[in-house]
Every structure is written in structure tokens, then in C-alpha cells.
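What follows is a short report on a single structure.
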Amino acid sequence: MGSEDTPKLPVINFTDLKLEAKDPNWEAVKSQVHRALVEFGCFEAVFDRVPLELRKAILGSLQELFDLPLQTKLLNVSKKLFHGYVGQYPMVPLFESMGIDDAVVYEEVESLTNTMWPNGNPNFSKTIQSFSEELAELDQIIRKMVLESLGVEKYLEEHMNSTNYLLRVMKYQGPQTSDTKLGLSAHTDKNIVTILYQNEVEGLEVLTKDGTWISYKPSPHSFVVMIGDSFNAWANGRLHSPFHRVMMSGNETRYSAGLFSIPKGGSIIKAPEELVDEEHPLLFKPFDHMEFLKYYYTEKGQRDQFALLTYCGV
Ligand SMILES: O=C(O)CCC(=O)C(=O)O
Ligand SMILES: [Fe+2]
């Protein structure tokens, strides 16, 4: 297969674009975003709002965090499912991850920081919070563009207010072999929007609608934006939430960080009536995201590639 045949994720440039100021480029970028999300559910975003220093700092902070002893990392527990320390799974032995809930709020980050470093580590808290705050702006730009493209911007405020931000940080050890090993199993995200950043070690792959795995070539300037099942359900299937996985080879460690916008517990996800008609019958019954996650984290739910469809598909 020639290189021009190798599929690539669309690249969209958000340089200088702001959420508040009406930008002359807004409409053009919006139509690229809409097209990419319908076709791939995913794209590569160039977003210079996160300064290079901060990009470097976040990767340093991830390493610092994962270098802590396991018994310290295990102190990151959370009442919410899949929000604390996750790792040491026989299925994916290379993978470790930690959640930082409400990472845009300094005090929330600080409380985790103080659990990890009882003598404090303000640099860590600042890096995590600033990084999350900048990416939250990109998340909101994308969601606003999607709602406008679907003609349902009247729901914008309600939609934005219905979510929280979780920053999940990930470490994948190199398998020390040249053949490829599973880093993270293929899945769709269950949330609204995910924005990923990572070091230079390859491994992330995204499945196209026609069944081809696209390998993402990391760049320090780019973020990967992905739609989760809940946003696709809210949009009554007019977007796409892609399967993706991490495949590892070689010796190097891959670090990544993802900002996840997640429906608040108790908020009901229901497609606006404007998006349901004869041509587009309702695909998912209204559902409570927290209740759905309870199903997803059962043994059956974990094996179910189409968990949301099983849970509330019409
Ligand atoms: O490490 C990555 O780039 C992907 C992580 C991921 O897919 C997830 O946490 O849902
Ligand atoms: Fe994911």
C-alpha cells in the first residue's frame, strides 16, 4: 500500500480561535469539525493555546506521578467508578492510569497532590490545573461548533452545564519486544468529548467506519479529539464515537493525558426533539450516565463492545 493510501486523521487548526470572540475563521473551522466528527468521530487538533512549556511540564508531571511507589499511587481512590488508580490488570499489564476529578479546579487537584506528596507539590498542581483549563476551552469550542452545526445551539448552556472535567493520566510501559503488545483494549469512550495529549511514543490507533486502524503519529503540537458514546447518543447518532486502542512495541514508555468531559451524576442524556424525526428515529432512550456506567463496569458490560446500545438502545 502506498503512503497516499494510508488513512490519516483529519488535522484541524484552532490557532487563535476563541470561544467568546466571534472569529472570521469560526465558520470554516466549524464545518471541518463537523465533517471530521461525522466521518471519523475523531481528528487531530492544532491548538497553540497550551504553551510549549506547559506541554513539556505536563509530560514531566506524569512521569513524576507514575514514578511514585505503587502503594502511594493506590491511595488515589475515588467514590466515582473508574476515577481512581487503575492498573496491574492481567489483560493489559503494560497499562497504569490515574484520574484527577474536577481537574480544572485548583483545590481539587491540590487534594490529590497532597495525598501523593504529603509535603506538597505546588508545581504539580499548577501544571495539571492549567493544562486542564486550557483544554477545557478547546472542549467547549468543539461542543459549541457541534451544536451549531446540528442547529440545536439553543441547548448550549444546558449542555455545557451538564458536565464535569476529569483528567486521566496514563502510562504504558514498553513491552521490551519488537512485536506489538496490547496496551489498552479496543473501546469507545463513554463520555462527551475526550482530548488526548501524549509524549512522542506511538501506540494510539483509531478505527475508521470501514474497519481500518489508523495509527496516530504523535506531534508535540497536536491533540487528539474524540467523541464519546454519550455525545453521539445525545446527537441521536449524527456523530460517531470511534473504537480506539493502544498497541505498544519497543522499550520506550508512553505517557498520555486525556481531558474527559463527563455528564454529571443524575443528569439525563436525551436527544433534543429537533434531532428526532421520521428519517432519524430515536436511537437511544433517555438515560442517566451514572446508571449506565454501573452496567458498563459489570463483567458483562466490560465484555460488551456496544454497551450503550445494550443498555438503552431503542
Ligand atoms: O492513551 C491513550 O492515548 C488513549 C487512552 C484512552 O483511550 C482512554 O483512556 O480512554
Ligand atoms: Fe479511550
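The values are calculated or read from the model by the stated rules, or taken from the named source; none is laboratory data. Values in this document were obtained by computation on a predicted structure and should not be read as measured data. Using ideal geometry, Cβ is built from the backbone for each residue, glycine included, and neighbour counts are taken over all protein chains shown. With ligands, DNA and RNA removed, areas are computed over all heavy atoms of the protein, side chains included. Shrake-Rupley method; radii C 1.70, N 1.55, O 1.52, S 1.80 Å.
Brief remarks on what is shown
- The stretch 252-314: C-alpha gyration tensor shape, a/c 1.5 cut-off, then a/b vs b/c: prolate
- Where GluC sites (Glu not before Pro) in DSSP loops with at most 12 other Cβ within 10 Å are excluded, longest remaining stretch of the chain: 21-199
- Exposed trypsin sites (Lys or Arg not before Pro) absent - longest run of the chain, DSSP non-H/G/I/E/B, at most 16 other C-beta within 10 Å: 81-208
- Size of electric dipole in the chain: Cβ of Lys, Arg +1 and of Asp, Glu -1, about Cα centre, debye, nearest 20: 700
- Placing unit charges on each Cβ (+1 for Lys and Arg, -1 for Asp and Glu) gives the stretch 11-271 a dipole about its Cα centre, and among Pro122, His240, Leu54 the Cα reaching farthest toward its positive end belongs to His240.
- Computed magnitude of the charge dipole of the stretch 92-144 (debye, nearest 20; Cβ of K, R +1, Cβ of D, E -1): 120
- The stretch 1-52 and the stretch 275-294: distance between their alpha carbon centers, rounded to Å: 27
- Rounded to 0.05, the FRET efficiency of the Gln71 and Asn161 pair, given R0 = 35 Å and the Cβ-Cβ distance, is 0.35.
- Taking 0.36 nm per residue of separation and subtracting the current Cα-Cα distance, fully stretching the chain between Thr6 and Tyr89 would add 26.6 nm.
- Straightening the chain between Lys294 and Asn13 buys 97.4 nm, computed as 0.36 nm per residue apart minus the Cα-Cα spacing.
- Between Glu153 and Lys285, the contour length at 0.36 nm per residue exceeds the Cα-Cα span by 45.4 nm.
- Here the stretch 209-309 is treated with +1 on each Lys and Arg Cβ and -1 on each Asp and Glu Cβ, and its dipole about the Cα centre works out to around 500 debye.
- Using a Gaussian network model of the chain in which every pair of alpha carbons under 10 angstrom is joined by a spring, one finds that among Ser61, Ser178, Ser31 the greatest mean-square fluctuation is at Ser178.
- Separation in nanometres of the label points that stand 7 Å from Cα toward Cβ, at Thr180 and Arg303: 2.6
- The stretch 11-271 - percent relative contact order, Cα under 8 Å, separation 6 or more: 24
- Rolling a 1.4 Å probe over the heavy atoms of the protein chains gives the stretch 262-305 an accessible area of 65 Å² per residue.
- Among beta bridges identified by DSSP and lying wholly in the chain, the antiparallel ones come to about 95 percent.
- Note on Lys294: lysines with a C-alpha under 17 Å away, same-chain residues under 8 apart excluded, are Lys79, Lys80, Lys190, Lys264, Lys285.
- Rounded FRET efficiency, nearest 0.05, which uses the C-beta distance separating Asn114 from Thr212 and R0 of 51 Å: 0.65
- Counting only DSSP H runs of at least 4 residues, each contributing -39500 (n - 2.57), and dividing by the residue count of the chain, the helix-based mean residue ellipticity at 222 nm comes to -9500 deg cm²/dmol.
- Three-way shape call for the stretch 85-139 based on the alpha-carbon gyration tensor, with the a/c threshold at 1.5: oblate
- Phi angles of the stretch 247-262 translate, via the Karplus equation with coefficients 6.51, -1.76, 1.60 and θ = phi - 60°, into HN-Hα couplings of 10, 10, 8, x, 9, 7, 8, 9, 10, 9, 9, x, 8, 10, 7, 10 Hz per residue; Gly and Pro are given as x.
- For the set Lys8/Lys73; Lys8/Lys126; Lys8/Lys154; Lys30/Lys270; Lys56/Lys300, the pairs lying more than 31 angstrom apart at their alpha carbons are Lys8/Lys73; Lys8/Lys126; Lys8/Lys154; Lys56/Lys300.
- Cα gyration tensor, the chain - rounded (a/c under 1.5), prolate or oblate: rounded
- For the stretch 60-113 and the stretch 127-162, distance of Cα centres in Å: 25
- In this rough spin-label picture, where each label sits 7 Å from Cα along the Cβ direction, the Glu274-Glu252 distance is 4.5 nm.
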